[in-house]
Amino acid sequence: MEFPKNLRYSEEHEWVRVEGNKAYIGISAFAQSELGDIVFVELPEVGATIQQNEAFGSVESVKTVSELYAPVSGKVIEVNGELEDAPELVNSSPYEKAWMIAVELSDPAELDKLLDADKYAEMVKE
């Protein structure tokens, strides 16, 4: 299983891709493989504020419903509307097409608390 090196990862299996002061958030390939086939994604609305380590939405699979936990804090500035009609993108393209939300970072220092790809890969091996 591959974990892109340009991303940061939370211990709850979310990833973050930073572009300037904007952070795109999704769930890792490991997380989607553990959940199974994703059938529904619930996300916050544009304008909502999320706090690091607090739930911001959920994913429903054929097996279970799992909370999504914010890897960083900020204001939601985009939501991936494609996931409403095609939640299976989380399974087929977890890092490209299935980003979930984009936030304007309120505290970029929070990124330092996240894992790099190598540390995340070690964590999921255990």
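The values are calculated or read from the model by the stated rules, or taken from the named source; none is laboratory data. Predicted, not measured: the structure shown is a model, and the values here were computed from it. No Cβ is skipped: glycine too gets one built from the backbone with ideal geometry, and neighbour counts run over all protein chains shown. Please note that ligands, DNA and RNA were not included when accessible areas were found on the heavy atoms of the full protein model with its side chains. Shrake-Rupley method; radii C 1.70, N 1.55, O 1.52, S 1.80 Å.
Taking segment 12-38 as the range and being within 17 Å of Val59 (Cβ to Cβ), among the charged types (D, E, K, R) and loosely packed, with under 14 Cβ neighbours inside 10 Å as the test, only Asp37 passes. The set of residues from segment 1-48 being touching a residue at least 60 places away in the same chain (Cβ under 8 Å) and touching a Gly at 6+ places or on another chain (Cβ under 7 Å) comprises Trp15, Ala23. Scanning for something farther than 15 Å from Pro87 by Cα, of a type in the set (Gly, Ala, Ser) and outside any loop (DSSP other than H, G, I, E, B), does segment 32-54 turn up at least one residue? No, because not a single residue in segment 32-54 is farther than 15 Å from Pro87 by Cα, of a type in the set (Gly, Ala, Ser) and outside any loop (DSSP other than H, G, I, E, B).
For a quick check of your reading of the model, give me the residue pairs whose first member lies in segment 90-110 and is closer than 18 Å to Glu60 by Cα, whose second is polar (S, T, N, Q), with beta-carbon atoms closer than 6 Å and at least 6 apart or on different chains. Pairs found: Val90/Gln32; Asn91/Gln32; Pro94/Gln32; Trp99/Asn80; Met100/Asn80.
Okay, residues lined up against (1) closer than 13 Å to Glu14 by Cβ; (2) touching a strand residue (DSSP E or B) at 6+ places or on another chain (Cβ under 9 Å); (3) open to solvent by 60 Å² or more (accessible area, probe 1.4 Å):
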site: Thr49; (1), (2), (3): no, yes, yes
site: Glu54; (1), (2), (3): yes, yes, yes
site: Val59; (1), (2), (3): yes, yes, no
site: Leu68; (1), (2), (3): yes, yes, no
site: Pro71; (1), (2), (3): yes, yes, no
site: Lys75; (1), (2), (3): no, yes, yes
site: Ala86; (1), (2), (3): no, no, no
site: Met100; (1), (2), (3): yes, yes, no
site: Glu104; (1), (2), (3): no, yes, yes
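Examine segment 99-118 for a residue that is under 13 Å from the mean Cα position of the chain (by Cα) and not aliphatic (A, V, I, L, M), and state whether such a residue exists. Checking segment 99-118: at least one residue is under 13 Å from the mean Cα position of the chain (by Cα) and not aliphatic (A, V, I, L, M). Every listed requirement among (1) polar (S, T, N, Q); (2) touching a residue at least 60 places away in the same chain (Cβ under 8 Å); (3) assigned to a strand (DSSP E or B) is met by Ser58 save one, (2). Scanning segment 77-109 for residues that are among the charged types (D, E, K, R) and under 25 Å from Val41 (Cα atoms) gives Glu78, Glu82, Glu84, Asp85, Glu88, Glu96, Lys97, Glu104.
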